[in-house]
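Colleague: This structure is in structure tokens; I'll ask about it shortly.
Only the coordinates and a few stated rules stand behind these numbers; no lab work does. None of these values were measured; they are calculated from a predicted model. For neighbour counting, all protein chains shown are included, and Cβ atoms are generated from backbone atoms with ideal geometry for every residue, glycine included.
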DNA sequence: ATCTATTCCTGGCTGC
DNA sequence: TGCAGCCAGGAATAGA
């Protein structure tokens, strides 16, 4: 599922769309578009100025102050395809088509499980979306001191806190588990009991795992694919996520799998302790 | 403030 | 081979 590194991969690969003109927007599955799907027609004729990211939201800035916001959630996929391409395996799940320039290519939003959403409107109205507005800081934009302070003001368990987008934006289930493993912290530890030094170490671990995953083009877990259809390869580097029942890559202890806030969580009971 | 449970959805896996 | 049942989970929401 796309988390920050996967969304960053998508954004980097779609950056060359800058300068292209939207010809027509076709909504094939109305619930994939927030609000009135008919509003999408306002995008016709606009020029793409920039593709960027905030947390797991993809933003497309358009001319005349308009824009798109896209959240891939679990199974969303974005890519540019020739209009003539017919992929029987993928076509049934295309939810929105945005034809570009002369119409020979399309920006395609594909989403098997339809959890993903597309918003359109003025950039101001997108900025004001509740889910965007309440996002916490980006993991690469917060200082260790500030992170430690924020963390130590919370009574939640570390795993739940890392998944909370209001606390820190962009981390999901995969990288939360990986970051806690890297920092040697137990997922059930209460945040306010974490020492300043260990909190700083956790931020470092989060940044390291996110950066390594970005460098690898993301993790192709579930069915994440890059916009070019290729897999990322960081899933091969995952050290703890999804390894419940296997042996720990560091110490050989059997990795435990528990539920934390309804989320599957893997951790090593020896390497990850409650301090 | 923080928790749990529920909802959305469907491909892929397990077990019979 | 077929099929039922379950699992994956980001975020919103309700209720405790």
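Colleague: Taking a quarter of the surface of the convex hull around the Cα atoms of the range A:4-133, what do you get in nm²?
Modeller: Spelled out: convex hull of the Cα atoms, projected over all directions, averaged, 7.1 nm².
Colleague: Would you calculate, for chain A, the mean residue ellipticity at 222 nm contributed by helices, counting each DSSP H stretch of 4 or more residues as -39,500 (n - 2.57) and dividing by all residues, to the nearest 500?
Modeller: Counting only the DSSP helices, I get -7000 deg cm²/dmol.
Colleague: Which ordering of A:89, A:225, A:18 is given by a fewest-first count of other beta-carbon atoms within 10 Å? Mind showing how you got there, number by number?
Modeller: Values: A:89 6, A:225 20, A:18 13.
Ascending Cβ contact count within 10 Å gives the list A:89, A:18, A:225.
Colleague: For Cα pairs less than 8 Å apart in space and 6+ apart in sequence, what is the mean separation divided by the residue count of the range A:115-228, i.e. the relative contact order in percent?
Modeller: Across the range A:115-228, relative contact order equals 27 percent.
Colleague: Okay, next question. Set the Förster radius R0 to 45 Å, insert the Cβ-Cβ distance between residue A:166 and residue A:101 as r into 1/(1 + (r/R0)^6), and round the FRET efficiency to 0.05.
Modeller: On the way: r = 39 Å, r/R0 = 0.87.
Computed FRET efficiency for residue A:166 and residue A:101: 0.70.
Colleague: Now for a separate question. Be a star and scan the range A:1-23 for residues whose amide nitrogen sits under 17 Å from the point 7 Å along the Cα-to-Cβ vector of residue A:52.
Modeller: A:7-19
Colleague: While we're looking at this one, here's another question. Does the range A:1-78 come out rounded, prolate or oblate by the C-alpha gyration tensor, with a ≥ b ≥ c the root eigenvalues, rounded set by a/c under 1.5 and, if not, prolate when a/b is larger than b/c and oblate if not?
Modeller: oblate
Colleague: Next question. Could you tell me the relative contact order of the range A:162-270? Use alpha-carbon pairs under 8 Å, at least six residues apart, and round to a whole percent.
Modeller: In percent, rounded to a whole number, it is 23.
Colleague: How do A:102, A:111, A:177 line up, fewest other C-beta atoms within 10 Å first?
Modeller: A:102, A:111, A:177
Colleague: Two decimals is fine: what is log10 I(q)/I(0) at q = 0.16, 0.19, 0.22 Å⁻¹ for the range A:144-267, from a Debye sum with one equal scatterer on every Cα and no solvent?
Modeller: -0.77, -1.06, -1.33
Colleague: Restricting to the range A:4-133, compute how many DSSP beta bridges are antiparallel as a %, nearest 5.
Modeller: 95
Colleague: Counting other beta carbons within 10 Å of each Cβ, put A:147, A:234 in order, fewest first.
Modeller: Arranged by neighbour count, lowest to highest, A:147, A:234 become A:147, A:234.
Colleague: I would also like to ask the following. By how many degrees, between 0 and 90 and to the nearest 10, does the Cα long axis of helix A:4-14 differ from the longest principal axis of chain A?
Modeller: For helix A:4-14, the angle is close to 30 degrees.
Colleague: I'm checking a number: the convex hull volume of the Cα atoms of chain A, normalised per residue, in Å³. What is it?
Modeller: 124
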